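J.: Once you've had a glance at the structure underneath, I'll fire off some questions.
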Amino acid sequence: MSQREQWSSKIGFILAAAGSAIGLGAIWKFPYIAGQNGGGAFFLIFILFTLLLGLPLLLAEFSIGRTAESNAVDSYRKIAPGTRWHWVGILGMVTSFILLSFYSVIGGWIVVYLFKAITGQLNNLSSDQYAEVFGATISNPVTSVFVQFLFILMTIIVVAKGVQKGIELASKIMMPALFILFILLVVRAVTLDNAMAGITFLLQPDFSKVTSQTILEAMGQSFFTLSVGVSVMVTYSSYLPKTQSLPRSAISIVAMNIFIVLLAGLAIFPAVFAFDLEPGAGPVLLFNVLPTVFSQLPFGMLFFIAFLVLFLFAALTSAFSMLEIIVSVISKGEPEKRKKWSWIIGLAIFVFGIPSALSFGILGDITLFDKTIFDLADFAVSNVLLPIGSLLIALFVPMKMKKTALYEELKQGSGLKRGLFETWFFLIRFVAPLLIVIVMLDVLGLF
Ligand code: PFF
């Protein structure tokens, strides 16, 4: 192909990049990790990492992608020919592979809940019963693997169709709808009896609970929710015309993400305390709490179904980006190859992810370092691979890209002021690498 595909509209890119960012990370993962790490202090540290590391890194990936106008691996090759830097892209592909293998497990949980809600199996249950039904469902090996497969299947079908038609079109309507429904949910949650305890839990920092592990989790979570460190955003921004403002895109994605994280926290924790549930319940937290909150609303089940559809969509738009980065490298933009490789890679990820799906049931007793297979995959991605990928990207930009060219690239379409550019460059050059290394060494007890 002589002419690379481009996003058909400015908003198309923002929606797709935001679609990659906003997903299970903000909605499902944030509440449960915050719940396990004491709430408020975790939230605050997460926000700090998002602003100091996540946002600058997102912009770094954008500038690499739009400078090179190529896929996740060739972008590094183009900018730094004859070096090994393209391994950053390959690392991103590996990260994405593992990521989608467990992400799809949770995606499958949404699918199965949706089925249960539509068929009326969730009507008029107590909050304990919701937890029981859900626990029984996800520990069933056939069900959990089957729904995981369905989730991956949907991902494959869209990615096989190609960038524009597949990803962009679908993103346009669902995101705003998700925001609206979330606000409704929050209004209900914060007006429950004893909601204040949950709001305090989320917003009042208690630093006595902070350990080096908490800090690592908060850092990993900030990378996870913004999809940075994988070169997914390199890939997406490579399709972007030069007229689009990169800084503005990055800021709006970060703002949307923080907003969703806040909404998710405000929807979950008041309900956790109102119904006397356990904030540290782990990956099942959201799934145990949400139906109870919805059941407190008029037409609750209808709203719950609508929510699940939108939630599924948010998870899918993130999943698309994970498969897209791998497929775009291997198929080199050729439509015929894209189709074939979407299926091959997608199915390989499914097979690789089966043990993760089973770790809430028959493989639940298999643990390493006290973690199930699912937890291990999540830990490896969020707290090891994403920080390493991010660190490498933070090193790549100042080492291999010319500062003046970077400024020109970022200024295009945005009129970015020099002072802001210098601040960003300082964050990427010094703050990001130092902070990532310190946090990682600290957790290993080496600091
Ligand atoms: N940002 C996505 C979420 O929060 O659900 C997860 C993700 C997608 C992470 C793509 C990394 C990535 F490359």
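J.: Taking only the range 75-110 into account, find how many residues are of a type in the set (Val, Ile, Thr) and within 18 Å of the chain's Cα centre (by Cα).
T.: Counting residues in the range 75-110 that are of a type in the set (Val, Ile, Thr) and within 18 Å of the chain's Cα centre (by Cα) gives 6.
J.: Can VAL261 be described as closer than 26 Å to ASN37 by Cβ, among the β-branched types (Val, Ile, Thr), more than 16 Å from the ligand (Cβ to nearest atom) and part of a helix (DSSP H, G or I)?
T.: no
J.: To continue, here is another question. Inside the range 57-71, can you point out the residues that are over 18 Å from GLU408 (Cβ atoms) and at pLDDT 95 or above?
T.: LEU57, LEU58, listed by residue number.
J.: Considering only residues of the range 365-406 that are under 22 Å from GLY419 (Cα atoms) and of a type in the set (Lys, Arg), which is nearest to the ligand (Cβ to nearest atom)?
T.: LYS400
J.: Something else: Anything in the range 112-130 that is crowded, with 20+ Cβ neighbours inside 10 Å and farther than 17 Å from MET301 by Cβ? List them, or say none.
T.: Passing the criteria: none in range.
J.: Just give me the residues in the range 74-92 being surrounded by fewer than 24 Cβ atoms within 10 Å (Cβ to Cβ) and either acidic (Asp, Glu) or within 16 Å of the ligand (Cβ to nearest atom) (or both), in sequence order.
T.: Once the filter is applied, which keeps residues that are surrounded by fewer than 24 Cβ atoms within 10 Å (Cβ to Cβ) and either acidic (Asp, Glu) or within 16 Å of the ligand (Cβ to nearest atom) (or both), the range 74-92 yields ASP74, ILE90, LEU91.
J.: Now for a different question. Only one of THR235, THR191, THR143, THR211 is without any contact (Cβ under 8 Å) to a residue 60 or more places away in the chain, out of contact with any Leu (no Cβ under 9 Å at 6 or more places or on another chain), among the β-branched types (Val, Ile, Thr) and closer than 26 Å to VAL351 by Cβ; which?
T.: Going through THR235, THR191, THR143, THR211 in turn, the sole match is THR143.
J.: Let me ask something additional. Out of the range 278-306, which residues are more than 28 Å from LEU347 (Cα to Cα), buried (at least 21 other Cβ atoms within 10 Å of the Cβ) and not hydroxyl-bearing (Ser, Thr, Tyr)?
T.: Within the range 278-306, PRO279, LEU285, ASN288, VAL289, LEU290, PRO291, VAL293, PHE294, PHE304 qualify.
J.: Could you count how many residues in the range 415-447 are among the aliphatic types (A, V, I, L, M), assigned to a helix (DSSP H, G or I) and buried (at least 18 other Cβ atoms within 10 Å of the Cβ)?
T.: Qualifying residue count, the range 415-447: 8.
J.: Checking SER238 against (1) away from the ligand (no atom under 16 Å from the Cβ); (2) surrounded by 23 or more Cβ atoms within 10 Å (Cβ to Cβ); (3) at pLDDT below 95, only one condition comes out false. Which one?
T.: (1)
J.: Out of (1) at pLDDT 95 or above; (2) farther than 26 Å from PRO279 by Cβ, what's the single condition that is false for ASN123?
T.: (1)
J.: Now a separate question. Are there helices (runs of 4 or more DSSP H) fully within the range 165-230 with at least 2 residues that are within 30 Å of VAL431 (Cβ to Cβ) and more than 16 Å from the ligand (Cβ to nearest atom)? List them.
T.: In the range 165-230, 195-203, 212-226 are the helices (runs of 4 or more DSSP H) which contain 2 or more residues that are within 30 Å of VAL431 (Cβ to Cβ) and more than 16 Å from the ligand (Cβ to nearest atom).
J.: If you go through the range 182-227 one residue at a time, how many are surrounded by fewer than 17 Cβ atoms within 10 Å (Cβ to Cβ) and on the phi < 0 side of the Ramachandran plot?
T.: Result for the range 182-227: 18.
The values are calculated or read from the model by the stated rules, or taken from the named source; none is laboratory data. Fair warning: this is a prediction, and the values are worked out from it, not measured in the lab. Neighbour counts run over all protein chains shown; Cβ positions are idealised from the backbone, glycine included.
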